[in-house]
1. Could you pull out every residue, at least 5 positions away or on a different chain, whose amide H is within less than 5 Å of the one on Ile12? Hs are placed 1.01 Å off N in the peptide plane, and Pro or chain starts have none.
2. Rg to Rh for the range 48-122: what is it, with Cα atoms only and Rh by Kirkwood?
3. Excluding residues fewer than 8 places away in the same chain, name every one of the lysines whose C-alpha is closer than 25 Å to that of Lys70.
4. So for each of 40-46, 148-154, 66-72, 160-166 I average, over its residues, the number of other beta carbons within 10 Å; can you give me the resulting order with the highest mean first?
5. When the dipole is taken about the Cα centre of the range 282-419, and only Lys, Arg (+1) and Asp, Glu (-1) are charged at their Cβ, what size is it in debye, to the nearest 20?
6. What angle, in degrees between 0 and 90 and rounded to the nearest 10, separates the Cα long axis of helix 158-170 from the longest principal axis of the Cα atoms of the chain?
7. In µm²/s, what is D for the range 154-306 at 10 °C and 1.306 mPa s, where D = kT/(6 pi eta Rh) by Stokes-Einstein and Rh is the Kirkwood radius from Cα pairs?
8. Enter the mean projected area of the convex hull around the alpha-carbon atoms of the range 332-379, in nm², rounded to one decimal.
Amino acid sequence: MAEFLWIRGGRIIDPSRGADETADLVIRDGRLTAEAPPTGCPVLDARGLWVLPGLIDLHCHLRDPGQEWKEDIASGTRAAARGGYTAVATMPNTEPAVDTPALVEYQLARAAAVGGSRVLSVGAITVGRQGRELAPMGQLRAAGAVAVSDDGAGVEQAVVMWRALRYAASFGLPVLEHCEDRSLSRGGAMHRGAVSTRLGLPGIPAEAEEVAVARDLVLAEATGAHLHVAHVSTARAVELIRRAKARGVRVTCEVTPHHLTLTDEAVARSRYDPDTKVNPPLRTEEDVAALRAALADGTIDAVATDHAPHGPEEKRCEYEAAAFGISGLETALGVLLTTLVQPGLLAPAALVERLTCGPARVLGHPGGTLAAGAAADVVLVDPRASWRVEPEAFASRGRNTPFKGWNLTGRVVATLVAGKAVWQLG
């Protein structure tokens, strides 16, 4: 007998179909259907709520295998579900790096076993993420990898990146590149500028990102491969991408919630709180304004969390010694609704697009839609619910967030994967 669920009376925002209307949604056997709900089927009252396609995070760190004390696939997918994410792409900078088909298969099997949000495995560009020998991308693709990346480190040698782009293109894999010239950034702890000088901290210049972005755009244009620039953070980098897109270069990019909402002044205001230490670093007000404009005009294709959980011993230390990274899966939507949508800087549908079908297009993933026949990956959001960020209540093992203590408006009420609730508030 078919299993139905009737989600009734919510505001459906589905940019994949241009839909923004009060309507019902019907699920049959884990998929969305245009059928009328049968008499007596379960009903979920969504009046006053937003009904969205499940959010897709194309850049997070689940630390599994090898660093499960920071996070594992079970805790990470629970955190994702609480944040409204029905699918997350996990980066390969694990121990060992995800550079073999067996490790891709392990991640996918583990995700299926724990039954939370979907996991999309990203394989390494190079063996061991060492930047020298290319990983077996065809085998990674056959095992289920959706992209390749050496995230955490950029591919330093141009010839290796050129080969990687050509090789990845032959398998239809996007290359998710961490654009950083280490010869410029090495030893830095925060953005290099007036604030770092005032605080006496070594800086990471904007040029470390921009030089790498410029090089990789040239190589992408030469090879015709799909380059995806991870966590873009500077005004000049996003302008380089905008111009490359206008020339027809096959490039996409993402931005994080923290780079859209915080500046390097957060380091000073927090009195050197290591939870503000992230790579790339928090930049200037001018950079934040440029990123917001690029998000609004579509130059930036997606918002990604770059969820990077760490243990307390890696963050409760002096600033220069602390690890880079923010735990962001559970705060991303609330932060974006509070800082961008509520003040009228970004329309709700535009934000939903950058969190759903935008990342789905980058990865070639079938999600990010509420079209009939699609998997019933759905999130219900109360746009008026107020809540306080309390890291000790996170499902993630990582409690490292610069948003601790913030009062946010807009909260996930329920997250469904294939029609089954994997998270419900309360």
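1. Here the answer is Glu21, Thr22, Ala23, Val51, since their amide H atoms fall under 5 Å of that of Ile12.
2. Ratio value, two decimals: 1.00.
3. Excluding near neighbours in sequence, the set is Lys277, Lys315, Lys404.
4. Numbers: 40-46: 14.9, 148-154: 23.9, 66-72: 18.4, 160-166: 21.0.
Top to bottom by mean Cβ count within 10 Å: 148-154, 160-166, 66-72, 40-46.
5. Working: 12 positive and 16 negative charges, 75 e Å.
Here the range 282-419 has a charge dipole of around 360 debye.
6. The helix 158-170 is inclined about 20 degrees to the chain.
7. Numbers: Rh = 15.7 Å.
Using the Kirkwood radius from Cα pairs, D works out to 101 µm²/s.
8. On the way: hull surface 14.8 nm².
The number I arrive at for the range 332-379 is 3.7 nm².
Read-outs throughout are calculated quantities, based only on the coordinates presented, and are distinct from any laboratory measurement. Bear in mind that the values here come from a model prediction, so they are computed numbers and not experimental data. Don't worry about glycine lacking a Cβ; one is built from the backbone with ideal geometry, like all the others, and counts go over all protein chains shown.
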